[in-house]
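Participant: Here it is, the structure, as structure tokens.
Each reported figure results from applying straightforward, stated rules to the coordinates on display, with no laboratory input. Since the structure is predicted, the reported quantities are computational estimates derived from the model, not experimental observations.
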Amino acid sequence: MTRTGPKKEKQPFEPGLVPAPGELLVWKHNQHFDRWRDLPCVLCRRPTPMRSHREEPVHKTCAEAWITAHPVKAREGRFASDAMPKSGRDDTHA
């Protein structure tokens, strides 16, 4: 008899804020890295294991350069930093 449990579902992968032109993206979440295959970067066409929040293959440095070169279009959120986790503490005391 084999045990059939609930399938492990992929956790939500929500983007955070778009950095200002010239600033760095914060990509700490492990879903930015595909350890199984490299695909051509959507911007430079060289292979990369990196993925954006929209699962586009893209080097982090290429995405940062694109944000700097296209600051108005970047506000649409094609490339964004990771959402900051909500703290369990309340640090709003005086």
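Participant: For region 54-69, in order, what is each residue's ³J(HN,Hα) by Karplus, 6.51 cos²θ - 1.76 cosθ + 1.60 with θ = phi - 60°, in whole Hz (x at glycine and Pro)?
Facilitator: 8, 6, 7, x, 7, 5, 4, 5, 5, 5, 5, 5, 5, 4, 5, 6
Participant: I need the semi-axes of the equivalent ellipsoid of region 14-84: take the C-alpha gyration tensor, multiply each eigenvalue by 5, square-root it, list largest first in whole angstrom.
Facilitator: Those come to 19, 14, 9 Å.
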